[in-house]
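This report refers to the structure that appears directly beneath it.
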Amino acid sequence: MITNKKILIVGVGNSIQMDDGVGIHTINELKKYDLPRNVKLFDGGTLGVDLMPWLEGNDHVIFIDSVDANENPGTIFKFKPDDINYESAPKTSVHQIGLIEAIQMIKLIGKAPSEITIFGIQPKTIDWGENLTEPVENSIPKVIKHVLAEIENSLKELNNPLMEEENG
């Protein structure tokens, strides 16, 4: 049984491109929380494929990024990498192309975390600037609630007595 599940939360985006930086802004807000020791925060910026070494060795990786799905600004989406149609996924920024490729490549080499969750936030404006638009900024507390619930659920799996019986 895993006794110290490693969870990495990665904020992705460009913090000088307005709503594209929502992942980074969310990571900065999460730094104010008292998270369990085995939960780490990482500003992934626009690293893309260069995220691979940071993903290795974690049991669960949670990404936070802007995702343009033509919905209302601030809309929050939760999905898994298998939900993405990589061939037709919109590539609206360099880091999105890199994020998709990093996930695919780490799976190919067999070093992918056992669980990957992505929280996407619909941007309103992606343009030069460091401030988020109001609807996207207002979505951050909601995203944080979802991320905290995801952490809690991930750690609950750790204490599942059925897993102990199977492994014991």
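The values are calculated or read from the model by the stated rules, or taken from the named source; none is laboratory data. Small disclaimer: the values here were computed from a predicted structure and weren't measured. Positions of Cβ are generated from backbone atoms using ideal geometry, with glycine treated the same way; all protein chains shown enter the neighbour counts.
Of all the numbered requirements in (1) of a type in the set (D, E); (2) closer than 24 Å to V39 by Cα; (3) at pLDDT 85 or above, E71 misses one, and that requirement is (2).
So is E87 more than 14 Å from the chain's Cα centre (by Cα), modelled with pLDDT under 70 and among the acidic types (D, E) or not? Here the answer is yes, as E87 does meet what is asked. Within the option set V67, V61, V10, being touching a residue at least 40 places away in the same chain (Cβ under 8 Å), touching a Phe, Trp or Tyr at 6+ places or on another chain (Cβ under 9 Å) and more than 13 Å from G120 (Cα to Cα) holds for one residue only, V61. Quick check: anything in the range 143-154 modelled with pLDDT of 90 or more, at negative phi, surrounded by fewer than 15 Cβ atoms within 10 Å (Cβ to Cβ) and touching a Gly at 6+ places or on another chain (Cβ under 9 Å)? Looking through the range 143-154, none of the residues is modelled with pLDDT of 90 or more, at negative phi, surrounded by fewer than 15 Cβ atoms within 10 Å (Cβ to Cβ) and touching a Gly at 6+ places or on another chain (Cβ under 9 Å). Tell me, yes or no, whether the range 17-33 has at least one residue that is part of a loop (DSSP other than H, G, I, E, B) and without any contact (Cβ under 8 Å) to a residue 40 or more places away in the chain. Within the range 17-33, one or more residues are part of a loop (DSSP other than H, G, I, E, B) and without any contact (Cβ under 8 Å) to a residue 40 or more places away in the chain.
Any idea which of D59, D34, D65 is buried (at least 16 other Cβ atoms within 10 Å of the Cβ) and more than 11 Å from the chain's Cα centre (by Cα)?
Numbers: D34 fails: buried (at least 16 other Cβ atoms within 10 Å of the Cβ); D65 fails: more than 11 Å from the chain's Cα centre (by Cα).
Residue meeting the stated conditions: D59.
Might you check whether a residue that is within 17 Å of T26 (Cα to Cα), modelled with pLDDT of 90 or more and crowded, with 17+ Cβ neighbours inside 10 Å occurs anywhere in the range 103-118? Break it down stepwise before answering.
Taking the range 103-118 and keeping what is within 17 Å of T26 (Cα to Cα), we get 117-118.
Then drop every residue that is not modelled with pLDDT of 90 or more, which leaves 117-118.
Adding the requirement that they be crowded, with 17+ Cβ neighbours inside 10 Å leaves 117-118.
Yes, there is a match, as at least one residue in the range 103-118 is within 17 Å of T26 (Cα to Cα), modelled with pLDDT of 90 or more and crowded, with 17+ Cβ neighbours inside 10 Å.
Within the range 115-147, being among the hydroxyl-bearing types (S, T, Y) and touching a Phe, Trp or Tyr at 6+ places or on another chain (Cβ under 8 Å) holds for one residue alone: T117. Scanning the range 46-65 for residues that are modelled with pLDDT of 90 or more and in contact with a Ser or Thr (Cβ under 8 Å, 6 or more places away or on another chain) yields a total of 6. Please enumerate the residues belonging to the range 45-56 that are under 12 Å from the mean Cα position of the chain (by Cα) and without any contact (Cβ under 8 Å) to a residue 40 or more places away in the chain. Passing the criteria: none in range.
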